[in-house]
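Every number here is computed from the coordinates shown, using simple stated rules; none is lab data. Here the structure is a predicted model, which means the values were calculated and not measured. Heads up, the Cβs are rebuilt from the backbone with ideal geometry, glycines too, and the neighbour counts pull from every protein chain shown.
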């Protein structure tokens, strides 16, 4: 049976029409995206790439999340709106860093929203920098492609008094869920990563605990001459020996960068050892995903503004991950960037 027939058969078995797997009309250089998140669905032999909605691309005037689909990581369908921020809730903007995770038989969307018109009581530490409500909220769907519906009317996972973003789901070796997130520099000056324990319904059941701050990286540099250090995009993965690793991003002398840390204890609370930077020159907010043939790949966006998706091979070693070549055959990048020599 030819590959296209196999794909069509898999699509129908997964409840999707076969046309969804036809070679799409778009390639990564044409695809507007920021903070990309890819889910590999083997049931339909499809990659789903989630990102903030761009109305000019999706055709839907909405603050929300859109999803591209592909069967080969090179040809992508035009995106469809899978989540729309409803009117009447506290948030009125954002939908940054969408992530979709399988939990207890359903698909959960973690997404960051905000409202600059809702100030917080305490100003920021940088010359009275204004702070306002910004939080990761949850939405849920029975299907990977949505539509996703807000959980708990959009109330944030952690306290609304904390400026949080880029929440991700982490399940510990005992099967207990946590949300790991970035605590904004707007409140701390030096941004941090923290984790909050969750129950089976993904409610917070305890206070957040800090993991480490952005200045733990020797290559992170203060921004704007004000001592600001950014923390973005935490993603957690284990290797064969049980080592726990976190991908994260910040800003350095060479712009936005993608780096990695490893927990010396194998525990979420470290201590965390900072590893060499993988990519810089505007590369960041990446995530690792499994390919349809069970390999590892990294997707990042670059440059920071007018971002496009870039794909890299990744090799899993016993105690860590090794970044390989950029897959320009897939992302068609006219200005490829190889991993840093110190990675």
Point to revise | Alpha-carbon Rg with Dmax, taken over segment 3-331, Å | key: 19.1, 62
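Just want to confirm a number: the relative contact order over segment 187-343, from Cα pairs under 8 angstrom separated by 6+ residues, in percent.
Numbers: 354 pairs, mean separation 23.3, N = 157.
Taking the mean separation of contacting Cα pairs over the length of segment 187-343, I get 15 percent.
Tell me, 301, 75 in order of fewest to most beta-carbon neighbours within 10 Å?
Values: 301 25, 75 16.
Starting with the residue having the fewest Cβ neighbours, the order is 75, 301.
For n ≥ 4 DSSP H runs only, could you compute -39500 (n - 2.57) per run for the chain, divide by its residues and tell me the 222 nm figure to the nearest 500? Spell out each step's value before the answer.
Details: 4 runs with 23 residues, N = 343.
Only helices count here, giving -1500 deg cm²/dmol.
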Check your understanding: Got a sec? How would 99, 155, 80, 253 order by Cβ neighbour count within 10 Å, fewest to most?
Key -> 253, 155, 80, 99
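In what sequence do 34, 183 fall when counting other Cβ within 10 Å, fewest first? Walk me through the numbers on the way to the answer.
Values: 34 17, 183 24.
If I rank by nearby Cβ atoms, fewest first, I get 34, 183.
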Point to revise | Value of D in µm² per second that Stokes-Einstein yields for segment 50-200, Kirkwood Rh from Cα pairs, at 37 °C (0.692 mPa s) | key: 201 µm²/s
Review point. What nm value, rounded to one decimal, do you get for the distance between residue 142 and residue 121 when each label is placed 7 Å out toward the C-beta?
Key: 4.3 nm
Check your understanding: Where the centre of each part is set by its Cα atoms, how far does segment 138-153 sit from segment 193-235, in angstrom?
Key -> 25 Å
Practice item. Consider a paramagnetic label point 7 Å from the Cα of residue 155 along Cα→Cβ; state which residues of segment 205-247 have an amide N under 20 Å from it. Key: 205-209
Point to revise | Over the chain, relative contact order from alpha-carbon pairs under 8 Å, at least 6 apart, % | key: 12 percent
**Study point:** FRET efficiency, 1/(1 + (r/R0)^6) with R0 30 Å, evaluated for residue 43 and residue 203 via beta carbons
**Key:** 0.55
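For segment 155-261, report the translational diffusion coefficient in µm²/s to the nearest whole number, using Stokes-Einstein at 4 °C, 1.567 mPa s, and a Kirkwood Rh over Cα pairs. Mind dumping the intermediate values first?
Details: Rh = 14.5 Å.
Stokes-Einstein gives a translational diffusion coefficient of 90 µm²/s.
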Check your understanding: residue 329 to residue 54: extension gain in nm, 0.36 nm per residue of separation minus the Cα-Cα distance?
Key -> 96.4 nm
Study note, to complete from the structure: Expressed in nanometres to one decimal, the distance between label points 7 Å along Cα→Cβ at residue 240 and residue 27 is 3.5 nm
